[in-house]
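Below you'll find the structure, written out as C-alpha cells, and then a few comments.
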Amino acid sequence: MARPDKAAAVAELADKFSNSAAAVLTEYRGLTVSNMQDLRRSLGEDATYAVAKNTLTAIAAKEAGIEGLDETLTGPTAIAFISGDVATVTKGLKNFAKDNPSLAIKGGVMDGKILDAKAVLKLADLESREVLLSKMAGALKANLSKAAFAFAAPASKLARVVGALEAKAKENPDVIGGAGAAPAAEATETPAEDSAPEAAEAAE
C-alpha cells in the first residue's frame, strides 16, 4: 500500500474509533466471502464490518487516544465499528460465531477502554436499547399511576375536612377564632373609653 493510501486508511480508522459507540475486533480466518457478506447483512445499519491491517489499526488507535490495543492485534483482523445499539451488535456477532466457529471475537474498545473477549461477550448478554426503553416506559407509567392515586387520595380527604370545618364555623364562629367579630367590637369600644378623661377635663 502506497504511503498516501496508508495515511488515508489510518485517518479513516482513527475517525471510526473516535466516533463509534464501540468497536469489536475479530479474527475471520476460515470465513468465506459469502460468510463475510452474511455477517455484514446480519449487523445491518448498526455497524460496519471490514478487514483492517494490524499495523495501520495500531497507529489509528493511538491517534484516536486508545492505548493497549496492540496485544489484540494478532492474526488476521476484521473490525465491527458499532454506530447503533452495542448490545444488539455484539449479540449478533456472538450468535454468528456460534454458527460459524471460524469467527473469533478477540476483544474490543468502548468509551476509550480496552475490552477483552469475555467483556465483549458480556455486552452481548445485555438487553437491547429498545427493551430497556420499553421497561423504563412501563416503570414510569406505573409510577405515574401510583403518584396520581397518592395525590388524589389526600386531596379528597382534605376537601372533606375543609367542608366539615366550614360547616362547623357557620354554626359556631369560635371554632376558627371567633370569625373576627370580637376585634371589631373592641375597636368600637376603645375610642369611647379613651375619650372619658378628655370629657372630664373639659367639664372642669
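Values quoted throughout were computed directly from the atomic coordinates according to the rules given, and no laboratory measurement underlies them. All values derive from a computational prediction rather than experimental measurement. Backbone-built Cβ (ideal geometry, glycine too); neighbour counts: all protein chains shown.
I need the fraction of alpha carbon pairs in the range 1-77 separated by more than 19 Å, rounded to a whole percent. Percent of Cα pairs beyond 19 Å in the range 1-77: 40. Restriction of the GluC sites (Glu not before Pro) in the range 1-76 to DSSP coil positions whose beta-carbon has at most 11 other beta-carbons within 10 angstrom yields GLU67.
Place a label point 7 angstrom from the Cα of GLU67 along the Cα-to-Cβ direction, then list the residues of the range 1-32 whose backbone nitrogen is under 18 Å away. Answer for the range 1-32: 18.
Just need the relative contact order of the range 9-96 here, percent rounded to a whole number, with Cα pairs under 8 Å and 6+ apart. Please list the in-between numbers first.
Numbers: 111 pairs, mean separation 42.3, N = 88.
Once divided by the residue count of the range 9-96, the mean separation gives 48 percent.
Relative contact order for the range 70-117: 23 percent, from Cα pairs under 8 Å spaced at least 6 residues apart, divided by residue count.
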